[in-house]
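For reference, the structure discussed in these notes is given below.
The values are calculated or read from the model by the stated rules, or taken from the named source; none is laboratory data. Bear in mind that the values here come from a model prediction, so they are computed numbers and not experimental data. FYI the Cβ positions are ideal-geometry reconstructions off the backbone, even for glycines, and counts take in every protein chain you see. Each accessible area value is taken on the protein alone, full model and side chains, heavy atoms only, with ligands, DNA and RNA left out. Shrake-Rupley method; radii C 1.70, N 1.55, O 1.52, S 1.80 Å.
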Amino acid sequence: MKAEIGVLGMGVMGRSLSRNLARNGFVVSIYNRHVDGVEENVARDFKAAHPELAEAAMAYDDISAFVQSLAIPRKILLMVNAGPAVDAVMEDLSAHLEENDILIDAGNSHYQDTIRRIKTMKERNLHFIGSGVSGGEKGALIGPSIMPSGEYKAYQHISRYLEAIAAKDSNNQPCCAYIGEQGSGHFVKMIHNGIEYAEMQLLAECYSILKAQKESNESIANIFEQWMEDQGSYLLQISVDILRKKEGDAYLLDLILDKAANKGTGKWATSTIADSGEPATMIPAALFARYLSSFKDQRTKAEALFSSPKEYLSILNDKLKEAYQFARIINHHQGFSLIKNVSDQNAWQVNLSEVARIWTAGCIIKSDLMKDISVTLNQADNLLFNEPWCSQLSATHSATQQVVIKCMENQLPIPCLTAALNYFHGIKIGDGSANLIQAQRDYFGAHTYKKKNDPSERSYHTVWEG
Ligand code: NAP
């Protein structure tokens, strides 16, 4: 008997995805490398520990036997760490693959790496699908959101597996959609993670504001729980759980060191934002807030050196909620505008509404907001100029301003809320101040400038001195 699909890499995600495939009735071959004394019988032991794999899975630590166990064309889901590990396993596999076999990289690979890998595989008549997968360990087991890309013909061979294991949206449709050519799936997953960074940072900022108002963890959890009524999201829900979790008599959250780590997708998203020319300010703000958090020693030293206000911060919960809502709309607007921009630059024709739809379940940024955004993006490609977002931004703008002003007065850092507000103020100024920048550039570098009311758009240069 040949397996229908293989999973290479029995780490956190590979384990969950193979169980998910087996639960959906597929015969699956699972493989993990053998390293003497370190990684031995990993796949076999994993199979033995999970009854659903007993009949449905064949376990290997020999790569040749693993590949030979698969039906042709072979379909192999790579679940290894992004970067050199993907190239290493592709190299290990290459001697065993045959024309038309399909590799699916479902890790968090950089989309430029995926573009390169598709090209090298194609030269050998092999297919490569780069697929974002979101949902973490649990999502991968019960239904993740899946963002595949690459040659559509190759995708058609694997769509049934990915669609079966994906989460289902509110219409019972799979949260898996073909994103487009090349590395568009990994690109979209990278922006998903960027949006996630900003959503997490926004919640951390709201938490810090409520903490500054001397709210207890339990009462912050209660406030967030109330917000769930019309701002429901996975990240808000897990924050409620986190705020309530105790270790002994202490709240676990209070015992956790305030240094946020990252695995690189926020950094990649930020570099891509800079390259794209899209003013998506919230993802970089969230990334740099994580970087700043890691400067714990400097922060402690500076705290002792510079005085801080002792005033009692007083912001009404309703106002804070409105500011949170405002910033989330801007965050999603920026994220989807970025996807549109890069999709246009690469002629990927990414369907924004479909992306939002497959993010309504299974993934870390699933939310009620995402469901509404998916509806808007079905008819428009920009949230800012469309209802109900225009009205919601207008309605929550003043509260956001009040929250930001109070935090500034109290020296409370809120980089993402501020970035959202500054973006909004910047995008709604028809006549800004960049004329001075252009004049300065022309002054010192003869970079030229264009003049208002000159339809020819010719470039001018001025000798500014004298
Ligand atoms: P993980 O638990 O660290 O597992 C990594 C797997 O890759 C292990 O099976 C490891 O084998 C294997 N591996 C690494 N280098 C290898 C090499 N050179 N040759 C052969 N096998 C190699 O990682 P994970 O959490 O499953 O993540 C896998 C990918 O999914 C990553 O790209 C990650 O960013 C992405 N992802 C993770 C999550 C999550 O929540 N964890 C969510 C979405 C996406 P050994 O055990 O033998 O070292």
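Observations, loosely collected:
- Protection proxy ranking of 116-126, 393-403, 426-436, by the mean of other Cβ atoms within 10 Å over each peptide's residues and highest first, is 393-403, 116-126, 426-436.
- Annotation for the stretch 264-364: trypsin sites (Lys or Arg not before Pro) lying in DSSP loop with at most 16 further Cβ atoms inside 10 Å of their Cβ are Lys310.
- Computed from backbone phi with θ = phi - 60° and the Karplus coefficients 6.51, -1.76 and 1.60, the 3J(HN,Hα) list for the stretch 16-33 is 5, 5, 5, 5, 4, 4, 5, 4, 8, x, 8, 8, 10, 9, 10, 9, 9, 5 Hz; x is used for glycine and proline.
- Relative to the dominant Cα principal axis of the chain, helix 111-123 is inclined by about 30°.
- Shape annotation for the stretch 5-182: C-alpha extents along the principal axes are 41, 41, 27 Å, from largest to smallest.
- Dipole orientation for the chain: of the candidates Phe26, Asn317, Met90, Asn317 has the Cα lying most toward the positive pole (charges on Cβ; Lys, Arg +1; Asp, Glu -1).
- Surface analysis of the stretch 189-427 yields an accessible area of 47 Å² per residue, using protein heavy atoms and a 1.4 Å probe.
- Largest-first ordering by accessible area, 1.4 Å probe, given options Met408, Met10: Met408, Met10
- When the solvent-accessible area of the chain is split by element, carbon and sulfur atoms take up 51 percent of it, the probe being 1.4 Å.
- Overall form of the stretch 363-453 per C-alpha gyration tensor (a/c, 1.5; a/b vs b/c): oblate
- Excluding same-chain neighbours fewer than eight residues apart, the aspartates and glutamates reachable from Lys119 by a Cα-Cα span under 12 Å are Glu151, Glu181.
- Tail fraction, Cα-Cα pairs, the stretch 189-427, threshold 30 Å, whole percent: 24
- The angle between the Cα long axis of helix 434-445 and the main principal axis of the chain comes to about 80°, on a 0 to 90 degree scale.
- Compared with the dominant principal axis of the Cα atoms in the chain, helix 217-231 is inclined by about 80°.
- Loop chymotrypsin sites (Phe, Trp or Tyr not before Pro), the stretch 380-436 (other Cβ atoms within 10 Å of the site Cβ: 10 or fewer; DSSP): Phe385
- Filter on Lys406/Lys452; Lys263/Lys319; Lys296/Lys406; Lys168/Lys246; Lys47/Lys122 - keep pairs with C-alpha separation over 28 Å: Lys406/Lys452; Lys263/Lys319; Lys168/Lys246; Lys47/Lys122
- Percent of Cα pairs exceeding the 16 Å cut-off, where the set is the stretch 1-84: 45
- Pairwise centroid distance, computed over Cα atoms, of the stretch 106-135 with the stretch 366-425, Å: 34
- Area projected by the alpha carbon convex hull of the chain, averaged over all directions, nm²: 28.9
- Scaled against the 2.2 N^0.38 Å expected of a compact globular protein of N residues, the Cα radius of gyration of the stretch 97-137 reads 1.23.
- Rel. contact order, % - alpha carbon contacts under 8 angstrom, at least six apart, the chain: 12
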